[in-house]
Amino acid sequence: MKKKKMVISQETMDIDFVRKVEALSGTSVRRCFQCGKCSAGCPMATFMEHPPNRVVRLLQLGQWQRILAGRSIWYCASCETCSTRCPNKVHLASIMDALRKLSWDAEGPSKESYVQLANKLFLQNIRTYGRQYEMRLAAVFNVKSGQFLKDLMLGPKLITKGKLKMFHKKNRNMNEIEKIFARIEEMRKKGEAL
Amino acid sequence: MPTKNSLDYAYYPGCSLHASAGEYDLSTRKLFKALGIGLTEVPDWFCCGATPAHNVDELLSLSLCAKNLELAEQVEGDLAVACAACFSRLKFTQHTLEENSTKRKQVETAIDAPVKLDGKVKHLLEILARDLGLERLAASVKKPLSGLKVACYYGCLLTRPPDVPNLDCIEAPTIMEDVLGAVGAETVAWSHRMECCGANFTLSRPGVVIQLTNAILESAKAAGADCVMVGCPLCHGNLDIRQKEIEGVYKTTYNMPVFYLTQLVGLAAGLSADQLGLDALIVNPLPLLKEKHLL
(Lines give C-alpha, C1' and ligand atoms only; values in the text may rest on other atoms or scores of the structure.)
Protein backbone atom coordinates (compact mmCIF):
# COMPACT_ATOMS: atom_id res chain seq x y z
CA MET A 1 0.00 0.00 0.00
CA LYS A 2 2.80 2.39 0.90
CA LYS A 3 4.52 2.06 -2.46
CA LYS A 4 1.36 2.36 -4.51
CA LYS A 5 1.36 5.66 -6.32
CA MET A 6 -1.50 7.95 -5.47
CA VAL A 7 -3.22 9.58 -8.39
CA ILE A 8 -5.24 12.66 -7.65
CA SER A 9 -7.43 14.12 -10.31
CA GLN A 10 -10.89 15.51 -10.83
CA GLU A 11 -12.14 11.93 -11.22
CA THR A 12 -10.65 10.58 -7.99
CA MET A 13 -12.00 13.42 -5.86
CA ASP A 14 -15.22 11.68 -4.94
CA ILE A 15 -17.00 14.57 -3.28
CA ASP A 16 -20.22 12.55 -2.98
CA PHE A 17 -18.50 10.16 -0.64
CA VAL A 18 -17.21 13.03 1.49
CA ARG A 19 -20.71 14.50 1.61
CA LYS A 20 -22.11 11.18 2.76
CA VAL A 21 -19.51 11.00 5.53
CA GLU A 22 -20.34 14.55 6.56
CA ALA A 23 -24.08 13.83 6.63
CA LEU A 24 -23.63 10.68 8.69
CA SER A 25 -21.11 12.16 11.11
CA GLY A 26 -22.64 15.60 11.40
CA THR A 27 -19.15 17.09 11.22
CA SER A 28 -16.97 18.71 8.59
CA VAL A 29 -14.21 16.70 6.93
CA ARG A 30 -12.94 19.79 5.15
CA ARG A 31 -12.21 21.76 8.32
CA CYS A 32 -9.20 19.60 9.18
CA PHE A 33 -5.91 21.47 8.72
CA GLN A 34 -3.65 18.54 9.57
CA CYS A 35 -2.21 19.69 12.89
CA GLY A 36 -1.93 16.04 13.95
CA LYS A 37 -3.19 16.44 17.51
CA CYS A 38 -5.64 13.59 16.96
CA SER A 39 -2.90 11.14 16.07
CA ALA A 40 -0.65 12.39 18.86
CA GLY A 41 -3.24 11.51 21.48
CA CYS A 42 -4.67 8.39 19.83
CA PRO A 43 -4.09 5.28 21.95
CA MET A 44 -4.69 3.05 18.93
CA ALA A 45 -2.55 4.89 16.32
CA THR A 46 0.23 2.40 16.90
CA PHE A 47 -2.00 -0.39 15.56
CA MET A 48 -3.15 1.50 12.46
CA GLU A 49 -1.52 1.72 9.04
CA HIS A 50 -2.97 5.21 8.58
CA PRO A 51 -3.04 7.25 11.80
CA PRO A 52 -6.22 9.33 12.34
CA ASN A 53 -4.98 12.59 10.76
CA ARG A 54 -3.96 10.69 7.65
CA VAL A 55 -7.38 9.03 7.45
CA VAL A 56 -8.92 12.50 7.25
CA ARG A 57 -6.34 13.69 4.71
CA LEU A 58 -6.98 10.66 2.49
CA LEU A 59 -10.68 11.35 2.77
CA GLN A 60 -10.17 14.98 1.77
CA LEU A 61 -8.22 13.79 -1.26
CA GLY A 62 -10.99 11.40 -2.26
CA GLN A 63 -8.86 8.32 -1.55
CA TRP A 64 -11.55 6.60 0.46
CA GLN A 65 -10.97 3.17 -1.09
CA ARG A 66 -7.59 3.14 0.60
CA ILE A 67 -9.22 3.82 3.95
CA LEU A 68 -11.92 1.20 3.58
CA ALA A 69 -9.45 -1.43 2.41
CA GLY A 70 -7.24 -0.90 5.47
CA ARG A 71 -7.69 -1.77 9.11
CA SER A 72 -7.33 1.71 10.64
CA ILE A 73 -11.03 2.43 11.02
CA TRP A 74 -11.62 -0.93 12.70
CA TYR A 75 -8.83 -0.29 15.20
CA CYS A 76 -10.38 2.95 16.45
CA ALA A 77 -11.55 2.36 20.04
CA SER A 78 -14.07 5.24 20.07
CA CYS A 79 -12.28 6.74 23.06
CA GLU A 80 -13.12 10.24 21.75
CA THR A 81 -9.69 11.67 22.55
CA CYS A 82 -9.32 13.01 18.98
CA SER A 83 -12.69 14.78 19.05
CA THR A 84 -11.83 16.23 22.44
CA ARG A 85 -8.50 17.70 21.36
CA CYS A 86 -9.25 18.88 17.82
CA PRO A 87 -8.60 22.65 17.75
CA ASN A 88 -10.92 23.09 14.78
CA LYS A 89 -13.88 21.09 16.10
CA VAL A 90 -13.69 18.20 13.68
CA HIS A 91 -15.51 15.35 15.40
CA LEU A 92 -13.16 12.67 14.18
CA ALA A 93 -14.67 9.88 16.28
CA SER A 94 -17.96 10.45 14.44
CA ILE A 95 -16.15 10.45 11.09
CA MET A 96 -14.74 7.04 12.06
CA ASP A 97 -18.29 5.84 12.83
CA ALA A 98 -19.45 7.04 9.41
CA LEU A 99 -16.54 5.37 7.61
CA ARG A 100 -17.17 2.08 9.41
CA LYS A 101 -20.83 2.25 8.49
CA LEU A 102 -20.04 2.84 4.81
CA SER A 103 -17.52 0.01 4.87
CA TRP A 104 -20.03 -2.21 6.69
CA ASP A 105 -22.69 -1.46 4.07
CA ALA A 106 -20.23 -2.33 1.31
CA GLU A 107 -19.79 -5.62 3.20
CA GLY A 108 -16.38 -4.80 4.49
CA PRO A 109 -13.63 -4.73 1.90
CA SER A 110 -11.30 -4.48 4.91
CA LYS A 111 -9.22 -7.46 5.91
CA GLU A 112 -9.83 -6.72 9.58
CA SER A 113 -12.52 -9.29 10.17
CA TYR A 114 -12.33 -10.02 13.91
CA VAL A 115 -13.55 -6.61 14.98
CA GLN A 116 -16.33 -6.73 12.40
CA LEU A 117 -17.34 -10.21 13.52
CA ALA A 118 -17.48 -9.09 17.16
CA ASN A 119 -19.67 -6.11 16.21
CA LYS A 120 -21.97 -8.30 14.16
CA LEU A 121 -22.46 -10.81 16.96
CA PHE A 122 -23.06 -8.02 19.47
CA LEU A 123 -25.84 -6.56 17.32
CA GLN A 124 -27.31 -10.03 16.71
CA ASN A 125 -27.47 -10.52 20.48
CA ILE A 126 -29.55 -7.35 20.84
CA ARG A 127 -31.95 -8.46 18.13
CA THR A 128 -32.29 -11.97 19.55
CA TYR A 129 -32.17 -11.44 23.30
CA GLY A 130 -32.59 -7.72 23.91
CA ARG A 131 -29.60 -7.68 26.20
CA GLN A 132 -26.03 -8.87 25.87
CA TYR A 133 -25.56 -12.55 26.52
CA GLU A 134 -21.84 -12.51 27.18
CA MET A 135 -21.36 -16.26 27.31
CA ARG A 136 -22.87 -16.69 23.87
CA LEU A 137 -21.00 -13.68 22.52
CA ALA A 138 -17.63 -15.15 23.54
CA ALA A 139 -18.44 -18.72 22.53
CA VAL A 140 -19.82 -17.88 19.09
CA PHE A 141 -16.94 -15.48 18.47
CA ASN A 142 -14.40 -18.21 19.15
CA VAL A 143 -16.17 -20.69 16.90
CA LYS A 144 -16.71 -18.27 14.04
CA SER A 145 -13.21 -16.83 14.19
CA GLY A 146 -11.68 -20.30 14.40
CA GLN A 147 -9.92 -19.50 17.69
CA PHE A 148 -11.41 -22.29 19.75
CA LEU A 149 -8.89 -21.95 22.56
CA LYS A 150 -9.02 -18.16 22.95
CA ASP A 151 -9.45 -17.20 26.61
CA LEU A 152 -10.31 -20.79 27.42
CA MET A 153 -8.50 -20.56 30.73
CA LEU A 154 -10.59 -17.57 31.78
CA GLY A 155 -13.94 -19.33 31.29
CA PRO A 156 -14.11 -21.62 34.35
CA LYS A 157 -12.84 -18.86 36.65
CA LEU A 158 -15.45 -16.42 35.40
CA ILE A 159 -18.20 -18.98 35.81
CA THR A 160 -17.24 -19.76 39.42
CA LYS A 161 -17.09 -16.06 40.18
CA GLY A 162 -20.59 -15.72 38.77
CA LYS A 163 -19.35 -13.46 35.98
CA LEU A 164 -20.53 -15.61 33.09
CA LYS A 165 -24.14 -16.70 33.12
CA MET A 166 -24.96 -19.99 31.44
CA PHE A 167 -28.55 -19.07 30.73
CA HIS A 168 -30.17 -15.93 29.57
CA LYS A 169 -33.70 -14.61 29.76
CA LYS A 170 -35.24 -12.92 26.76
CA ASN A 171 -36.28 -9.33 27.23
CA ARG A 172 -40.00 -8.60 27.36
CA ASN A 173 -39.60 -5.80 24.83
CA MET A 174 -38.42 -8.14 22.07
CA ASN A 175 -41.30 -7.13 19.79
CA GLU A 176 -40.49 -3.49 20.18
CA ILE A 177 -36.78 -4.10 19.57
CA GLU A 178 -37.48 -6.08 16.41
CA LYS A 179 -39.70 -3.25 15.17
CA ILE A 180 -36.89 -0.72 15.65
CA PHE A 181 -34.53 -2.85 13.54
CA ALA A 182 -37.24 -3.39 10.91
CA ARG A 183 -38.30 0.26 10.71
CA ILE A 184 -34.68 1.35 10.20
CA GLU A 185 -34.27 -1.21 7.40
CA GLU A 186 -37.50 0.06 5.85
CA MET A 187 -36.36 3.70 6.03
CA ARG A 188 -33.12 2.78 4.30
CA LYS A 189 -34.93 0.86 1.59
CA LYS A 190 -37.07 3.90 0.89
CA GLY A 191 -33.99 6.13 0.87
CA GLU A 192 -35.19 8.12 3.89
CA ALA A 193 -32.04 7.42 5.87
CA LEU A 194 -28.42 6.63 5.06
CA MET B 1 -26.77 11.59 57.47
CA PRO B 2 -29.55 12.03 54.95
CA THR B 3 -32.60 12.71 57.01
CA LYS B 4 -35.31 13.21 54.44
CA ASN B 5 -35.48 10.81 51.53
CA SER B 6 -35.66 13.28 48.69
CA LEU B 7 -33.32 11.34 46.43
CA ASP B 8 -35.12 8.88 44.19
CA TYR B 9 -33.89 7.70 40.84
CA ALA B 10 -34.82 5.49 37.93
CA TYR B 11 -31.99 2.99 37.54
CA TYR B 12 -30.50 1.71 34.27
CA PRO B 13 -27.93 -0.94 35.21
CA GLY B 14 -26.92 -1.99 31.70
CA CYS B 15 -26.18 -5.51 30.43
CA SER B 16 -22.82 -5.99 32.14
CA LEU B 17 -24.24 -5.31 35.59
CA HIS B 18 -26.59 -8.21 35.14
CA ALA B 19 -23.72 -10.52 34.16
CA SER B 20 -19.95 -10.01 34.33
CA ALA B 21 -20.21 -6.97 36.59
CA GLY B 22 -22.77 -8.36 39.05
CA GLU B 23 -20.73 -7.01 41.97
CA TYR B 24 -21.08 -3.45 40.61
CA ASP B 25 -24.86 -3.86 40.61
CA LEU B 26 -24.91 -5.44 44.07
CA SER B 27 -22.65 -2.82 45.65
CA THR B 28 -24.58 0.01 43.98
CA ARG B 29 -27.89 -1.20 45.39
CA LYS B 30 -26.48 -1.80 48.89
CA LEU B 31 -24.61 1.49 49.01
CA PHE B 32 -27.54 3.56 47.78
CA LYS B 33 -29.83 1.88 50.27
CA ALA B 34 -27.39 2.62 53.08
CA LEU B 35 -27.22 6.26 51.98
CA GLY B 36 -30.99 6.54 51.78
CA ILE B 37 -31.04 7.00 48.00
CA GLY B 38 -33.91 5.30 46.21
CA LEU B 39 -33.28 3.26 43.03
CA THR B 40 -36.08 1.78 40.93
CA GLU B 41 -34.95 -0.31 37.98
CA VAL B 42 -36.40 0.77 34.63
CA PRO B 43 -38.84 -2.02 33.71
CA ASP B 44 -37.62 -4.19 30.81
CA TRP B 45 -34.80 -1.88 29.78
CA PHE B 46 -32.67 -3.32 27.00
CA CYS B 47 -29.17 -2.97 25.58
CA CYS B 48 -28.13 0.59 24.66
CA GLY B 49 -26.07 -0.77 21.77
CA ALA B 50 -22.83 0.32 23.47
CA THR B 51 -19.81 0.82 21.21
CA PRO B 52 -20.56 -1.83 18.54
CA ALA B 53 -23.89 -0.25 17.57
CA HIS B 54 -22.64 3.30 17.00
CA ASN B 55 -19.49 1.88 15.42
CA VAL B 56 -21.37 0.62 12.40
CA ASP B 57 -24.89 2.00 12.65
CA GLU B 58 -25.39 5.28 14.49
CA LEU B 59 -29.09 5.45 13.69
CA LEU B 60 -29.62 2.09 15.39
CA SER B 61 -27.59 3.24 18.40
CA LEU B 62 -29.59 6.47 18.72
CA SER B 63 -32.89 4.62 18.35
CA LEU B 64 -32.08 1.97 20.96
CA CYS B 65 -31.06 4.69 23.42
CA ALA B 66 -34.09 6.87 22.64
CA LYS B 67 -36.39 3.92 23.31
CA ASN B 68 -34.64 3.22 26.61
CA LEU B 69 -34.98 6.89 27.57
CA GLU B 70 -38.69 6.56 26.84
CA LEU B 71 -38.93 3.44 29.03
CA ALA B 72 -37.17 5.34 31.80
CA GLU B 73 -39.95 7.93 31.80
CA GLN B 74 -42.19 5.34 33.48
CA VAL B 75 -40.16 5.69 36.65
CA GLU B 76 -40.06 8.94 38.52
CA GLY B 77 -36.77 10.72 39.09
CA ASP B 78 -33.61 11.33 37.09
CA LEU B 79 -32.01 8.34 35.41
CA ALA B 80 -29.09 6.85 37.36
CA VAL B 81 -26.59 4.99 35.16
CA ALA B 82 -23.73 2.87 36.47
CA CYS B 83 -21.90 1.85 33.31
CA ALA B 84 -19.73 4.51 31.67
CA ALA B 85 -20.55 3.20 28.18
CA CYS B 86 -24.34 3.26 28.71
CA PHE B 87 -23.98 6.68 30.33
CA SER B 88 -22.03 7.95 27.34
CA ARG B 89 -24.46 6.54 24.76
CA LEU B 90 -27.56 7.87 26.50
CA LYS B 91 -26.04 11.33 26.89
CA PHE B 92 -24.73 11.26 23.33
CA THR B 93 -28.23 10.43 22.08
CA GLN B 94 -29.77 13.32 23.98
CA HIS B 95 -27.09 15.68 22.69
CA THR B 96 -27.28 14.54 19.05
CA LEU B 97 -31.07 14.53 18.84
CA GLU B 98 -31.19 17.98 20.41
CA GLU B 99 -28.82 19.38 17.79
CA ASN B 100 -29.68 17.45 14.65
CA SER B 101 -33.29 17.62 13.50
CA THR B 102 -32.78 15.20 10.58
CA LYS B 103 -31.50 12.47 12.88
CA ARG B 104 -34.22 13.28 15.38
CA LYS B 105 -36.89 12.73 12.72
CA GLN B 106 -35.32 9.44 11.67
CA VAL B 107 -35.18 8.21 15.26
CA GLU B 108 -38.81 9.20 15.84
CA THR B 109 -39.76 7.10 12.83
CA ALA B 110 -37.65 4.20 14.10
CA ILE B 111 -39.21 4.16 17.56
CA ASP B 112 -42.59 5.34 16.29
CA ALA B 113 -42.88 7.93 19.05
CA PRO B 114 -41.76 11.49 19.72
CA VAL B 115 -38.41 11.58 21.50
CA LYS B 116 -38.26 13.15 24.92
CA LEU B 117 -34.99 14.74 25.81
CA ASP B 118 -35.73 16.60 29.02
CA GLY B 119 -35.05 13.71 31.42
CA LYS B 120 -31.72 14.01 33.22
CA VAL B 121 -29.20 11.19 32.82
CA LYS B 122 -26.69 10.96 35.66
CA HIS B 123 -23.73 8.75 36.37
CA LEU B 124 -23.53 7.36 39.92
CA LEU B 125 -20.54 9.61 40.59
CA GLU B 126 -22.64 12.72 39.98
CA ILE B 127 -25.33 11.49 42.32
CA LEU B 128 -22.84 10.85 45.11
CA ALA B 129 -20.76 14.00 44.62
CA ARG B 130 -23.47 16.52 43.74
CA ASP B 131 -27.01 15.34 44.49
CA LEU B 132 -26.21 13.73 47.81
CA GLY B 133 -23.23 16.03 48.16
CA LEU B 134 -19.75 15.53 49.56
CA GLU B 135 -20.71 16.77 53.02
CA ARG B 136 -23.52 14.29 53.45
CA LEU B 137 -21.35 11.59 51.95
CA ALA B 138 -18.61 12.38 54.47
CA ALA B 139 -21.17 12.35 57.29
CA SER B 140 -22.25 8.84 56.33
CA VAL B 141 -18.75 7.40 56.74
CA LYS B 142 -18.45 4.72 59.42
CA LYS B 143 -15.01 3.47 58.52
CA PRO B 144 -12.77 6.06 56.83
CA LEU B 145 -10.53 4.55 54.18
CA SER B 146 -7.47 6.10 55.76
CA GLY B 147 -4.17 4.81 54.54
CA LEU B 148 -5.57 3.39 51.31
CA LYS B 149 -3.85 4.86 48.26
CA VAL B 150 -6.14 4.77 45.27
CA ALA B 151 -5.49 5.47 41.59
CA CYS B 152 -8.76 6.85 40.20
CA TYR B 153 -9.20 5.60 36.67
CA TYR B 154 -11.65 7.60 34.56
CA GLY B 155 -11.10 5.91 31.23
CA CYS B 156 -12.64 7.45 28.14
CA LEU B 157 -16.34 7.79 28.30
CA LEU B 158 -17.10 9.44 31.63
CA THR B 159 -15.87 12.83 30.47
CA ARG B 160 -15.40 12.78 26.69
CA PRO B 161 -16.33 14.15 24.14
CA PRO B 162 -16.76 17.91 24.78
CA ASP B 163 -20.26 19.15 25.63
CA VAL B 164 -21.72 15.67 25.87
CA PRO B 165 -21.41 13.97 29.27
CA ASN B 166 -20.61 17.25 31.03
CA LEU B 167 -19.67 15.25 34.09
CA ASP B 168 -16.56 17.21 34.96
CA CYS B 169 -13.57 18.96 33.41
CA ILE B 170 -12.83 17.12 30.21
CA GLU B 171 -9.05 16.73 30.52
CA ALA B 172 -8.51 17.09 34.27
CA PRO B 173 -11.57 15.82 36.14
CA THR B 174 -11.53 15.49 39.93
CA ILE B 175 -14.95 14.03 40.72
CA MET B 176 -13.60 10.57 41.63
CA GLU B 177 -10.88 12.10 43.83
CA ASP B 178 -13.50 14.34 45.45
CA VAL B 179 -15.71 11.36 46.32
CA LEU B 180 -12.81 9.33 47.68
CA GLY B 181 -11.48 12.32 49.60
CA ALA B 182 -14.86 12.61 51.31
CA VAL B 183 -14.62 9.02 52.53
CA GLY B 184 -11.07 9.42 53.81
CA ALA B 185 -9.00 7.67 51.13
CA GLU B 186 -5.79 9.02 49.71
CA THR B 187 -5.67 9.45 45.94
CA VAL B 188 -2.50 9.40 43.88
CA ALA B 189 -1.55 11.65 40.96
CA TRP B 190 -0.76 9.52 37.93
CA SER B 191 -0.37 9.75 34.18
CA HIS B 192 -2.79 7.20 32.75
CA ARG B 193 -6.03 8.11 34.50
CA MET B 194 -7.76 8.97 31.24
CA GLU B 195 -6.03 6.68 28.78
CA CYS B 196 -8.09 4.07 26.96
CA CYS B 197 -8.05 0.45 28.20
CA GLY B 198 -8.99 -0.97 24.79
CA ALA B 199 -12.59 -1.54 25.90
CA ASN B 200 -14.45 -3.95 23.67
CA PHE B 201 -11.32 -5.10 21.84
CA THR B 202 -11.21 -7.56 24.72
CA LEU B 203 -13.32 -9.86 22.54
CA SER B 204 -11.89 -9.26 19.09
CA ARG B 205 -8.26 -8.24 19.70
CA PRO B 206 -7.22 -9.03 23.28
CA GLY B 207 -3.57 -8.35 22.39
CA VAL B 208 -4.44 -4.68 22.00
CA VAL B 209 -6.06 -4.62 25.43
CA ILE B 210 -3.08 -6.30 27.08
CA GLN B 211 -0.72 -3.66 25.73
CA LEU B 212 -2.89 -0.70 26.77
CA THR B 213 -3.84 -2.03 30.21
CA ASN B 214 -0.25 -2.89 31.01
CA ALA B 215 0.67 0.77 30.56
CA ILE B 216 -2.21 1.77 32.84
CA LEU B 217 -1.29 -0.66 35.62
CA GLU B 218 2.39 0.26 35.31
CA SER B 219 1.55 3.94 35.73
CA ALA B 220 -0.68 3.27 38.75
CA LYS B 221 2.04 1.19 40.37
CA ALA B 222 4.72 3.79 39.68
CA ALA B 223 2.54 6.40 41.40
CA GLY B 224 2.48 4.23 44.53
CA ALA B 225 -1.17 3.21 44.35
CA ASP B 226 -2.41 0.21 46.35
CA CYS B 227 -5.40 -0.27 44.09
CA VAL B 228 -7.36 1.18 41.19
CA MET B 229 -10.93 2.47 41.27
CA VAL B 230 -13.18 2.48 38.20
CA GLY B 231 -16.71 3.44 37.23
CA CYS B 232 -17.07 1.24 34.15
CA PRO B 233 -17.54 -2.53 33.81
CA LEU B 234 -15.41 -2.75 30.66
CA CYS B 235 -12.47 -0.93 32.22
CA HIS B 236 -12.89 -3.25 35.18
CA GLY B 237 -12.91 -6.40 33.09
CA ASN B 238 -9.81 -5.36 31.22
CA LEU B 239 -7.83 -4.34 34.30
CA ASP B 240 -9.02 -7.04 36.70
CA ILE B 241 -9.95 -10.15 34.71
CA ARG B 242 -6.99 -9.81 32.36
CA GLN B 243 -4.45 -8.78 35.00
CA LYS B 244 -2.88 -12.25 35.40
CA GLU B 245 -2.48 -12.48 31.65
CA ILE B 246 -0.90 -9.01 31.49
CA GLU B 247 1.55 -10.03 34.22
CA GLY B 248 2.41 -13.15 32.26
CA VAL B 249 3.01 -11.33 28.98
CA TYR B 250 5.09 -8.56 30.54
CA LYS B 251 6.77 -10.80 33.14
CA THR B 252 5.90 -8.57 36.04
CA THR B 253 3.70 -8.57 39.12
CA TYR B 254 1.07 -5.94 39.82
CA ASN B 255 -1.29 -7.70 42.20
CA MET B 256 -3.34 -4.53 42.02
CA PRO B 257 -6.96 -4.93 43.14
CA VAL B 258 -9.43 -3.07 40.94
CA PHE B 259 -12.55 -1.80 42.74
CA TYR B 260 -15.78 -0.35 41.52
CA LEU B 261 -16.41 3.08 43.01
CA THR B 262 -19.45 1.77 44.87
CA GLN B 263 -17.35 -0.93 46.52
CA LEU B 264 -14.88 1.55 48.00
CA VAL B 265 -17.50 4.07 49.05
CA GLY B 266 -19.60 1.17 50.39
CA LEU B 267 -16.67 -0.05 52.46
CA ALA B 268 -16.40 3.39 54.05
CA ALA B 269 -20.15 3.38 54.69
CA GLY B 270 -19.63 0.27 56.81
CA LEU B 271 -20.92 -2.38 54.39
CA SER B 272 -19.47 -5.88 54.57
CA ALA B 273 -17.36 -7.71 51.97
CA ASP B 274 -20.38 -9.88 51.12
CA GLN B 275 -22.67 -6.92 50.61
CA LEU B 276 -20.15 -5.40 48.23
CA GLY B 277 -19.45 -8.58 46.27
CA LEU B 278 -15.72 -8.35 46.95
CA ASP B 279 -15.34 -12.10 46.40
CA ALA B 280 -16.28 -11.66 42.74
CA LEU B 281 -13.13 -9.67 42.04
CA ILE B 282 -10.47 -11.72 40.26
CA VAL B 283 -7.48 -9.98 41.88
CA ASN B 284 -8.16 -10.76 45.53
CA PRO B 285 -8.52 -7.48 47.44
CA LEU B 286 -8.87 -9.05 50.91
CA PRO B 287 -5.14 -9.14 51.88
CA LEU B 288 -4.80 -5.43 51.05
CA LEU B 289 -7.96 -4.46 52.93
CA LYS B 290 -6.92 -6.50 55.97
CA GLU B 291 -3.45 -4.98 55.94
CA LYS B 292 -5.06 -1.51 55.98
CA HIS B 293 -7.46 -2.62 58.74
CA LEU B 294 -10.48 -1.96 56.58
CA LEU B 295 -12.04 -5.40 56.97
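The values are calculated or read from the model by the stated rules, or taken from the named source; none is laboratory data. Please read all numbers here as calculations on a predicted model, not as lab measurements. We place every Cβ from the backbone using ideal geometry, glycine too, and count neighbours over all the protein chains shown. Note: accessible area is taken over every heavy atom of the protein model, side chains too, but ligands, DNA and RNA are not part of it. Shrake-Rupley method; radii C 1.70, N 1.55, O 1.52, S 1.80 Å.
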Rounded to the nearest 10 degrees, the helix B:22-34 long axis (Cα) sits at an angle to the longest Cα principal axis of chain B of 90 degrees
For A:LYS37, counting only lysines whose alpha-carbon sits under 24 Å away and dropping same-chain residues fewer than eight positions off, the answer is A:LYS2, A:LYS89
Rounded to whole angstroms and listed largest first, the alpha-carbon spread of the protein assembly as shown along its three principal axes comes to 71, 52, 44
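Based on the alpha-carbon gyration tensor of the range B:141-291 and its eigenvalue square roots a ≥ b ≥ c, which shape applies: rounded if a/c is under 1.5, prolate if not and a/b is larger than b/c, or oblate?
oblate
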Ignoring ligands and nucleic acids, A:LYS20 exposes an accessible area, probe 1.4 Å, in Å² to the nearest 10, of 90 Å²
When every protein chain stays in place and a 1.4 Å probe is rolled, B:TRP190, A:TRP64 sorted by accessible area with the largest first are A:TRP64, B:TRP190
Two pseudo-spin positions, 7 Å from Cα along C-beta at B:LYS149 and at A:ALA139, lie apart in nanometres by 4.4 nm
Ranking A:ARG66, A:ARG31, A:ARG188 from most to least accessible area with a 1.4 Å probe gives A:ARG31, A:ARG188, A:ARG66
Between B:GLY38 and residues 5 or more places away or on another chain, the pairs with built amide H atoms under 5 Å apart involve B:LEU7, B:ASP8, B:TYR9
The distance between the Cα centres of the range B:166-211 and the range B:247-295, in whole Å, is 17 Å
With every protein chain kept in place and a 1.4 Å probe, the range B:1-108 has an accessible area per residue in Å² of 32 Å²
Taking Cα atoms only, helix B:58-72 is inclined relative to the longest principal axis of chain B by an angle, in degrees rounded to 10, of 80 degrees
Across the range B:74-231, qualifying lysine pairs (alpha carbons under 17 Å, at least 8 places apart or different chains) come out at 7
For the pair B and A, the solvent-accessible area buried on both sides (1.4 Å probe; DNA, RNA and ligands excluded), in Å² to the nearest hundred, is 5300 Å²
For the range B:8-123, averaging the sequence separation of alpha carbon pairs under 8 Å that lie six or more residues apart and dividing by its residue count, the contact order in percent is 31 percent
Taking N as the residue count of chain B, its alpha carbon Rg divided by 2.2 N^0.38 Å gives 0.98
Here, B:ALA113 and B:LYS33, labelled 7 Å along Cα→Cβ, have an inter-label distance in nm of 3.0 nm
Simple spin-label estimate for A:PHE167/A:ILE15, 7 Å along Cα→Cβ, in nm, reads 6.1 nm
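Decide, for the range A:113-189, between rounded, prolate and oblate: order the square roots of the alpha carbon gyration tensor eigenvalues as a ≥ b ≥ c, take rounded if a/c falls under 1.5, and otherwise choose prolate if a/b is larger than b/c, else oblate.
Taking the square roots of the gyration eigenvalues as a ≥ b ≥ c, the range A:113-189 is oblate.
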In Å², rounded to a whole number, the accessible area per residue of chain A with probe 1.4 Å is 53 Å²
Honestly the range A:30-85 on the Cα gyration tensor test (a ≥ b ≥ c root eigenvalues; a/c under 1.5 rounded, otherwise a/b vs b/c for prolate or oblate) is just oblate
Reported to the nearest 10 Å², A:GLU176 has, with a 1.4 Å probe, an accessible area equal to 40 Å²
The range B:183-247: spread of alpha-carbon positions along the three principal axes, whole Å, largest first, is 39, 21, 20
Restricting to aspartates and glutamates and to Cα separations under 16 Å from A:LYS163, and discarding same-chain partners fewer than 8 apart, the set is A:GLU134, A:ASP151, B:GLU23, B:ASP25, B:ASP240, B:ASP274, B:ASP279
Rounded to the nearest 10 degrees, the helix A:174-189 long axis (Cα) sits at an angle to the longest Cα principal axis of chain A of 30 degrees
Kirkwood Rh over alpha-carbon pairs of the range B:8-123 plugged into Stokes-Einstein at 10 °C, 1.306 mPa s gives a D in µm²/s of 111 µm²/s
Mean separation of Cα contacts under 8 Å (at least 6 apart) over the residue count of chain B, i.e. the relative contact order in percent, is 20 percent
Farthest towards the positive end of the dipole of the range A:15-105, among A:SER39, A:LEU102, A:ALA23 and with Cβ unit charges of +1 on Lys and Arg and -1 on Asp and Glu, lies the Cα of A:SER39
If every Lys and Arg gets +1 and every Asp and Glu gets -1 at its Cβ, then about the Cα centre chain B yields a dipole, in debye to the nearest 20, of 540 debye
Computed for the protein assembly as shown: size of charge dipole around the Cα centre, +1 on C-beta of each Lys and Arg, -1 on C-beta of each Asp and Glu, debye to nearest 20, value 1260 debye
